[in-house]
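The values are calculated or read from the model by the stated rules, or taken from the named source; none is laboratory data. Note that the structure is predicted; figures quoted are calculated from it, not measured. Cβ atoms come from the backbone with ideal geometry, glycine included; neighbour counts cover every protein chain shown. Note: accessible area is taken over every heavy atom of the protein model, side chains too, but ligands, DNA and RNA are not part of it. Shrake-Rupley method; radii C 1.70, N 1.55, O 1.52, S 1.80 Å.
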Amino acid sequence: LKDTALTEIEQANSKQELNQVKVKYLGKKGPITEILRGMGSLSKEERPLIGKLANEIREEIAKLINEKEETIAQKALEERLKQETIDVTLPGKKVLKGNRHPLTRVIEEIEDIFIGMGFEIAEGPEVESDYYNFEALNLPKEHPARDMQDSFYITEEVLMRTHTSPVQIRTMKSKNGIGPVKIICPGKVYRRDDDDATHSHQFTQIEGLVVDEHITMSDLKGVLLNFAKKMYGEKAKIRLRPSFFPFTEPSAEVDVSCMMCGGEGCRVCKNTGWIEILGAGMVHPRVLEMSGFDPERYTGFAFGMGVERIAMLKYGIEDIRHFYTNDLRFLEQFKRM
Ligand code: FA5
């Protein structure tokens, strides 16, 4: 009995197997209990002998089982430690890093340039009233120039802003007629334009406004030339062409020399050597007046640039729709810039 028990303990390789052996030999229905239980039928002389022997065997088996239990526990621990070891020499898992959208980058770059010239950043709502978007900018109802900016109306008096110019009005009104004002305002604008390579129904503008005493057109030109050089390099040139906006007088469209061909003429600038990037002008006296500024004392200039067009020119992007279709092959090119 002892020998078979010892072999079985020896062969038990897990806690469960060992438990089975334990129950089998030491349990209530086990052979030793049986022997001890049957003592009554033995003779007086036999009883102490058999009893002693049975107890000795039981103790020995119990001791061996305990020892084996420990060995098994030890083995299990070793096994676990082995499995859980960390190989610090393994290459790490790569974390996929995103990057900022090229438009965000260009907006921040433009903001930095203007902050460097002493401008502050202003903001305004994208859902705007007809008053701020048109009327206060000298574009009364039925004014034909409203057609230049075909609009998404929400109600008769509320629309998605068609340009960032309403922020001019909001900023001036908040100053209670006291200058100076020197702000830029980046933001999304919306127009019922058909999408093509250079037009999007939702795009980004950056508005600029400076109002103070003695501001002239040459201040406007100086600020824009400085901007062009910082954005495109020292070689950049600008040119102003006469234009019309109801809220500026005189008005101009501003071109920058084409950076793709150095002004020689190429596909990007349609062989003209120039690319239009913004509209600008001297703030119309009526607009100053409607916004609470005395046009006898104050003058100002304003401009509104299309950020996508500026980014396209800077990075040689041929289609404005790339900014909005979220093709990773396009977006990832800006990772290391
Ligand atoms: C305006 O929106 C005037 N508010 C700009 C202005 C501000 C003039 C202050 C004077 C004083 P315009 O409609 O030309 O102007 O738009 C300005 C710029 O936005 C354009 O030069 C062009 O770069 C860009 N732009 C216009 N329409 C679109 C379009 N559908 N998609 C992408 N960019 C556009």
(request) Compute the Cα gyration tensor for the range 139-250, then decide on rounded, prolate or oblate, letting a ≥ b ≥ c be the square roots of its eigenvalues: rounded whenever a/c is under 1.5, prolate when a/b is larger than b/c in the other cases, and oblate in all that remain. (result) oblate
(request) For the range 61-144, go through all pairs of different Cα atoms, get the mean of 1/r, take its inverse, and jot down that Kirkwood value in Å. (result) 21.5 Å
(message) What does the extension gain come out to for residue 333 and residue 158, with contour length at 0.36 nm per residue minus their alpha carbon separation?
(response) 59.1 nm
(message) In Å, what Kirkwood hydrodynamic radius results for the range 1-45 from the alpha-carbon pair distances?
(response) 11.6 Å
(request) Give me D for the range 227-286 in µm² s⁻¹, whole number, from Stokes-Einstein with Rh from the Kirkwood sum over alpha-carbon pairs, 37 °C and 0.692 mPa s. (result) 268 µm²/s
(message) Take residue 148 and residue 100, extend 7 Å from each Cα along the Cα→Cβ direction, and tell me the distance between the two endpoints in nm.
(response) 3.2 nm
(request) With θ set to phi - 60°, apply the Karplus curve 6.51 cos²θ - 1.76 cosθ + 1.60 along the range 276-283 and write out the HN-Hα couplings as whole Hz, x wherever there is a Gly or Pro. (result) 6, 10, 7, x, 7, x, 8, 4
(request) Report, by chain and number, residues whose modeled amide H sits under 5 Å from the one on residue 243, excluding near sequence neighbours (fewer than 5 apart, same chain). (result) 251, 252, 253
(request) Could you state the accessible area per residue of the range 142-295 in Å², with a 1.4 Å probe and every protein chain left in place? (result) 49 Å²
(request) Please list the equivalent ellipsoid semi-axes of the range 105-167, computed as the square roots of five times the alpha-carbon gyration tensor eigenvalues, in descending order and whole angstrom. (result) 28, 12, 11
(message) For the chain, which cysteines have no second Cys with its Cβ under 4.7 Å from theirs?
(response) 185
(request) Would you pull out the residues with amide H under 5 Å of residue 274's amide H, same chain only if 5 or more places away, H placed 1.01 Å from N? (result) 258
(request) Over the alpha-carbon set of the range 35-92, work out the extent along each principal axis and list the three values in angstrom, largest first. (result) 77, 14, 6
(message) Let me test this: with uniform point scatterers at the alpha carbons of the range 192-337, what is the Debye-based log₁₀ I(q)/I(0) at q = 0.15 1/Å?
(response) -0.84
(message) Counting only helical runs of four or more DSSP H residues, what would the 222 nm mean residue ellipticity of the chain come to if each run contributes -39,500 (n - 2.57) and the total is spread over all its residues?
(response) -12000 deg cm²/dmol
(message) So if I take the centroid of the Cα atoms in the range 62-136 and the same for the range 11-57, what is the distance between those two points in Å?
(response) 64 Å
(request) Compute the semi-axes of the equivalent ellipsoid of the chain, taking the square root of 5 times each eigenvalue of the Cα gyration tensor, and list them largest first in whole Å. (result) 91, 24, 18
(message) How large is the direction-averaged shadow of the alpha-carbon convex hull of the range 27-181, in nm²?
(response) 26.7 nm²
(request) Pop out the ³J(HN,Hα) list for the range 228-244 in order, Karplus 6.51 cos²θ - 1.76 cosθ + 1.60 with θ = phi - 60°, rounded to Hz; leave Gly and Pro as x. (result) 4, 5, 5, 7, 10, x, 4, 6, 4, 10, 10, 9, 9, 10, x, 8, 9
